[in-house]
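The values are calculated or read from the model by the stated rules, or taken from the named source; none is laboratory data. All values derive from a computational prediction rather than experimental measurement. Here the Cβ is made from the backbone with ideal geometry for all residues, glycine too, and neighbour counts use every protein chain on show. The accessibility values were calculated without ligands, DNA or RNA, using every heavy atom of the protein model including side chains. Shrake-Rupley method; radii C 1.70, N 1.55, O 1.52, S 1.80 Å.
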Amino acid sequence: MGRTLYEKIWAAHEVACGPGGRSLLYVDRHLIHDGSFHAFEALSHAGRKLRRPDLCLATPDHYVPTRDRLNIPDPQVRGKMESLLANASAGGIRHFSMDDARQGIVHVVGPEQGFTQPGVTLVCGDSHTSTHGAFGAIAFGIGASEVAQVLATQTLWARRAKTLRINVSGTLAPGIASKDLILAIIARIGAAGGAGHALEYAGSAIRALSMEARLTICNMSIEAGARCGMIAPDDTTYAYLAGRPFAPAGADWDRALSRWRELPTDADARFDREVDLEAGAIAPMVTWGTSPEDALAVSALVPEGKPDALKYMGLEPGQRLEGLAMDRVFIGSCTNSRLEDLRVVAAVVKGRKAVIPSMVVPGSGLVKKAAEAEGLDKVFREAGLEWLEPGCSMCVGMNGDLVDAGKRCASTSNRNFEGRQGKGARTHLMSPAMAAAAAVTGCITDVRKLLAP
Amino acid sequence: MEPFTRLEAVAAPLDIANVDTDRIIPARFLRLPRSAGYHNYLFHDLREAGGFVLDDPAYRSAKILVAAENFGCGSSREGAVWALAGAGLRAWIAPSFGDIFFENSFKNGALPVILPAPRVRQIRQLLAARPGTKLVIDLAAQTVALPEGSLEHFEVDPFRKECLLKGWDEIDLTLQHEAAIAAYEARQRSETPWLAKP
Ligand code: SF4
């Protein structure tokens, strides 16, 4: 019988078998960020050395300021930058510091640098590591002890997950983004629907997506309860990778390519579960509750059934989502802060004015540069949007970019949990286009109405 | 890591359901280095209110915590386990645990034990009625012995069990496979050199 993409990569990385059905998996790529300091502490505490610092890449993101980077008033935040730099230099790990244009959110930087590749195992001490599965890789988030384990041994003890394929047929309608698609998928299977499974997104609608759009999909696999999600590599993947700094080149490229072409799931492979979706039926999606599964089409009414979530969100069953007033807009995060996202935002806000405070935080310094080269920053500024320095920012608020209690934020990030963007903050997840529409109208608006000729 | 074989120790009852990792150690202390001693902040906000069970002299030497449903739910912070372990606790018994907290426990040499909810409630009541009561947890036999003489069986992942019994942390266990790892790396260098040299 044939094998799935996941099974092929898993088998190629098994170093040994342990008790209880666990495998020792080799880790090809390890991303490190400014929250990884605990693992370094644990290592030095135990007197252990780094095995393969050359397979790591470090960049600060969670705590970095989006405004004044030279003066970080909080010594603990400043300490995070300093300790990452110190740990990386002492360990011989490549590090993109704050004054390096390549710095950014780890999950934006890895793909952008060609560090993420098809067929690899990739880990990072962050749950949204699932993002990298968009290249046809097994990529998942790990805890502090596991980060230490990978640094010391370049391997991890893991148990093979079950497989779940999500087949999306048809084509997304104009104005509908991959963010809408993934919110629709999570709404369909539930926030725990993928628990214990490795997801594979397949079907014509997925094949038609750009690499950046695929990253958005895989990013939110964790919000469907799956530790990893993946998309088979194809010509879109290879075209994206070619020429990137860490991508193979010359003869290596040809050898890599012929291996990558072997990766996609065999026609006769079997999945433990399959789910089918029709892309054409998907409308712009917005979340109303405190779990990413609480997502509905923009035209829908607030449902009954989750009284605690509704109370927190200050909503009543039967209320219309469209027209709901927003207090601010956040465009950014590892879900939606890449160049394509920013282009869509610019197209919506061009010639219009933001009526609520709105920030645009690029995913990396290189995204920022590329956007500026196209003049997107000018469009944002003219529309009254704040154009900031790259990092996680208001997605999690660790750097101090917070939403005030009771305020509503139209956000392109991935989690609408209670308190995620600040104590009492009310997050409505949506696509970059929808967030841009909210910026210029001050409320939840079907962006298709603004794009209409 | 110190092996976990048989633990005979005072057990403290914690009669609150859904104790999340934020209650075990509030997020604001996690910016501190671990050397600051996370146990100093264990249950910080609950303790501030006074009358917390671990502050009762009868439970001061407790190494076992008997908690309620969904203990350790919430964020993935391993600091929650560090705070408990730092305070000398080595095992926690509850009807259910937060997933990641459950896994993190083993990685730090601690044993989370799942027993049926009614039984756990009875144990908590018993411990509260007779402060300072000891329980005996035998990992090899997978049993918890109660003072009235009864024996409760529990399940444990064989991999986790072996690591705890031998006092291996996962890194030690892994290093036993050093030759296999080196062989894997040699193969990677020749077959997929672009992976070996990013
Ligand atoms: S952008 Fe948000 S979700 Fe992504 S890594 Fe940063 S904090 Fe995590």
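For the reader, a short list of remarks on this structure follows.
- Ligands, DNA and RNA left out, the accessible area of the stretch A:101-240 computed with a 1.4 Å probe is 53% carbon and sulfur.
- Inter-chain Cβ neighbour average for residues A:246-253, partner chain, 10 Å: 3
- Here each label is just a point 7 Å from Cα along the line to Cβ, and for A:S169 and B:D45 those points are 5.0 nm apart.
- Cα-centre dipole for chain B with unit charges at Cβ (Lys and Arg positive, Asp and Glu negative), debye to 20: 300
- Dipole-positive endmost among A:G133, A:G400, A:C443 within chain A (Cβ charges, Cα centre): A:G400
- Charge dipole of the protein assembly as shown about the Cα centre (unit charges at C-beta), most positive-ward option of B:I181, A:I282, B:L139: B:I181
- A Cβ-based charge dipole, computed about the Cα centre of the stretch A:203-280 with Lys and Arg at +1 and Asp and Glu at -1, lands at about 280 debye.
- Based on protein heavy atoms only, the protein assembly as shown ends up with 37 Å² per residue of surface accessible to a 1.4 Å probe.
- Stretch gain in nm, segment A:C443-A:S210, where the contour uses 0.36 nm per residue and the Cα spacing is subtracted: 81.0 nm
- Taking packing as the residue-averaged number of other Cβ atoms within 10 angstrom, the listed peptides B:15-26, B:91-102 run from highest to lowest as B:91-102, B:15-26.
- Note on A:156-168: average number of Cβ atoms from other chains within 10 Å of each residue's Cβ is 1.
- Ligands, DNA and RNA left out, the accessible area of the stretch A:271-429 computed with a 1.4 Å probe is 51% carbon and sulfur.
- Ranking A:Y238, B:L111, A:S291 by how far each Cα lies toward the positive end of the dipole of the protein assembly as shown (charges on Cβ) leaves A:Y238 at the top.
- Cross-link pairs beyond the 22 Å C-alpha cut-off, checked among A:K311/A:K423; B:K63/B:K161; A:K350/A:K423; A:K80/B:K63: A:K350/A:K423; A:K80/B:K63
- For chain A, the relative contact order comes to 17 percent (Cα pairs under 8 Å, sequence separation of at least 6).
- Checked against a 25 Å cut-off, the cross-linked pairs A:K8/A:K162; A:K353/A:K449; A:K368/B:K197 give Cα-Cα distances beyond that limit for A:K368/B:K197.
- The B-A contact accounts for approximately 3600 Å² of buried accessible area, totalled over both chains at a 1.4 Å probe radius.
- Under the Karplus curve 6.51 cos²θ - 1.76 cosθ + 1.60, θ = phi - 60°, whole-Hz ³J(HN,Hα) for the stretch A:163-171, x wherever Gly or Pro sits: 10, 9, 9, 10, 9, 10, 9, x, 10
- Nonlocal amide H pairs with B:E78, under 5 Å, H built at 1.01 Å: A:A144
- Ranked by the mean number of other Cβ atoms within 10 Å of their residues, highest first, the peptides B:184-191, A:242-249, A:366-373 come out as A:366-373, A:242-249, B:184-191.
- Mean Cβ count within 10 Å, highest first, over the residues of peptides A:13-26, A:39-52, A:100-113: A:100-113, A:13-26, A:39-52
- Estimated dipole of chain A in Debye, rounded to 20 [Cβ of Lys and Arg +1, of Asp and Glu -1, Cα centre]: 200
- Rel. contact order, % - alpha carbon contacts under 8 angstrom, at least six apart, the stretch A:5-274: 22
- Average Cα contact separation per residue, the stretch A:1-90, under 8 Å, 6 or more apart, as relative contact order %: 27
- In order through the stretch A:4-19: 3J(HN,Hα) via Karplus (6.51 cos²θ - 1.76 cosθ + 1.60), integer Hz, x for Gly, Pro: 7, 3, 4, 5, 5, 5, 4, 4, 6, 10, 6, 9, 7, 10, x, x
- Counting only protein chain heavy atoms and rolling a 1.4 Å probe, the accessible areas of A:S221, A:S127, A:S204 rank, largest first, as A:S204, A:S127, A:S221.
- Sum of side-chain charges, A:A249 neighbourhood, beta-carbon under 12 Å (Lys, Arg +1; Asp, Glu -1): +1
- Amide H contacts for A:G194 (H built 1.01 Å from N in the peptide plane; partners 5 or more residues away or on another chain; cut-off under 5 Å): A:G225, A:A226.
- Averaged over the residues of peptide A:28-37, the number of Cβ atoms from other protein chains lying within 10 Å of each residue's Cβ is 1.
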